[in-house]
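What follows is a set of notes on a single structure, which appears directly below.
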Amino acid sequence: MDKSGMFVGGAIGAAMVIIIVAVLFVYPPESLKPEISPTNKQPTIVEATPLFSHSLSLIEIFEKSEPGVVRVNVQRGESEDVIGGVGSGFVFDKKGHIITNAHVVKDANKVVVTFLDGRSYNAEIIGVDEYTDLAVIKVNADLILLHPLFIGDSSNLKVGEDIAAIGNPFGLSGSMTSGIVSQLGRLLPSGSGYSIPDVIQTDAAINPGNSGGPLLNMRGEIVGINTAIQSATGEFTGVGFAIPSQTVAKIIPTLVEEGEYKHPWIGISGRDIDPDMANVLNLKDAIGFLVITVVEGSPAFDAGLIGSDKTIEVDGVNYPMGGDIILAVDGIEVRKIDDILVHLQRAKSVGDEMILEVLRDGRTTNLTIILQERPNGN
């Protein structure tokens, strides 16, 4: 995994690192639509914000959403004098659950949530999933302050679609920016040791302190949670990233109930088939994922996947040979590793079966694997 130039950060006073800085916090939703979750298992949600069938103006989106967006202040260290971090979040339900980024509350000794009217409450960390950079915190706040926001379906997003982000950039509470969806299905390296798949790319201005805040479509629905920017200065330069609402809808209910989410895992490493490798392997098309290493005892190992056992040098470049080439998962074509990871994220859970179509020795065959829980990547 290439993690060069990518990392997250939501603290205002933190040193700006030179590559990818995570800067968003979460915007909380109240109700989840069954079609968002691949399992169609919808948690019990109370008093959902009504869904608008028509487009709203940016002014309307801000006015309807701002009451549900909060500021999240974090203290790291034993002393009150220690500089903490600031980020964003949003109300998830009337029980006081608030969604934000995992990197926002990581290693926090104290978390304080501030609502629109300025009232603040100490928050308890309920659940954290570092693999998707999502976290749930909870406050014992007055019901009048709890305005859950509606989570939309990010699978309906299109490149070029207008979106808006609300958060607390540089600690400036209640700030809104707008832009478009500039790409979908990005793979975002993270500090967990695994990449976050299916990430939304946007050109809406996102800066440190936005982390955990909501990304909304023009109907006022949350379609993502701002989590990172790509920058050489630590400030926004035109490319931001958000965790899609499909992932939020799948992960958050489990974090609320169990405090953690168990991700499915295959247990392989390898490389995408590029044109040069396709020529070396005598492949017709440059698609698929070549398995180079199979982790002993992993689901892939138990299913009999084979990794590369030799290399061949062509024009001074060494190419791995002999490994299985994954062409499809559950009937979905695999062009590159992203397709496998997105399918795992969207549709699979620990204990599920997954059928791999692999090319081995010039012939295609199907292998069935039983997905296990992902081991710690650190």
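The values are calculated or read from the model by the stated rules, or taken from the named source; none is laboratory data. Just so it is clear, the structure is predicted and the values come from calculations on it, not from any experiment. Every residue, glycine as well, gets a Cβ built from its backbone with ideal geometry; the counts of neighbours run over all protein chains shown.
Points worth noting:
- From G362, G351, residue being out of contact with any helix residue (DSSP H, G or I) (no Cβ under 7 Å at 6 or more places or on another chain), of a type in the set (G, A, S) and in contact (Cβ under 8 Å) with a residue 12 or more places away in the chain: G351
- Considering residues of the stretch 98-122 that are buried (at least 24 other Cβ atoms within 10 Å of the Cβ) and within 21 Å of the chain's Cα centre (by Cα) only, the residue farthest from G224 (Cα to Cα): V105
- When the stretch 163-178 is filtered for residues that are farther than 18 Å from V91 by Cβ and touching a residue at least 60 places away in the same chain (Cβ under 8 Å), the ones remaining, listed by number, are I163, P169, F170, G171, S178.
- Exactly one residue out of V294, V317 is of a type in the set (V, I, T) and at pLDDT 95 or above: that is V294.
- Cβ-Cβ distances below 8 Å connect the following pairs, each with a first residue in the stretch 305-332 that is within 27 Å of M354 (Cβ to Cβ) and touching a residue at least 60 places away in the same chain (Cβ under 8 Å), a second residue that is surrounded by 12 or more Cβ atoms within 10 Å (Cβ to Cβ) and not basic (K, R), and a separation of six or more residues or different chains: L305/I268; L305/V291; L305/V294; L305/D324; L305/L356; L305/V358; L305/L367; L305/I369.
- For the stretch 114-124, the candidate set comprises residues that are touching a residue at least 24 places away in the same chain (Cβ under 8 Å) and in contact with a Lys or Arg (Cβ under 7 Å, 6 or more places away or on another chain); within that set, the residue that is nearest to V256 (Cα to Cα) is A123.
- Residues in the stretch 250-297 that are over 30 Å from I125 (Cα atoms), surrounded by fewer than 19 Cβ atoms within 10 Å (Cβ to Cβ) and of a type in the set (G, A, S): S269, A278, A286, G297.
- Residue check, I369 touching a Pro at 6+ places or on another chain (Cβ under 7 Å), touching a residue at least 40 places away in the same chain (Cβ under 8 Å) and under 25 Å from E130 (Cβ atoms): yes
Listed here are the residues, each with its yes/no results for (1) assigned by TED's automatic domain parsing to the domain that holds V74; (2) among the charged types (D, E, K, R); (3) under 13 Å from the mean Cα position of the chain (by Cα).
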position	(1), (2), (3)
D133	yes, yes, yes
I137	yes, no, no
I144	yes, no, no
I166	yes, no, no
G174	yes, no, no
G179	yes, no, no
I196	yes, no, yes
A205	yes, no, no
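- Of residues in the stretch 339-355 being among the hydrophobic types (A, V, I, L, M, F, W, C) and touching a Ser or Thr at 6+ places or on another chain (Cβ under 8 Å), the one nearest to D133 (Cα to Cα): L341
- Some residue of the stretch 237-255 being within 20 Å of G351 (Cβ to Cβ) and part of a loop (DSSP other than H, G, I, E, B): no
- Matching residues, the stretch 146-161, being closer than 16 Å to F241 by Cα and either in contact with a strand residue (DSSP E or B) (Cβ under 6 Å, 6 or more places away or on another chain) or outside the structural domain of F241 (by TED's automatic domain parsing) (or both): S154, L157, V159, G160, E161
- Of all residues in the stretch 336-347, exactly one satisfies the criterion of being among the charged types (D, E, K, R) and either buried (at least 20 other Cβ atoms within 10 Å of the Cβ) or modelled with pLDDT of 95 or more (or both), namely D339.
- Residue match in the stretch 219-226 (condition: assigned by TED's automatic domain parsing to the domain that holds N101, in contact (Cβ under 8 Å) with a residue 12 or more places away in the chain, surrounded by 18 or more Cβ atoms within 10 Å (Cβ to Cβ) and part of a loop (DSSP other than H, G, I, E, B)): yes
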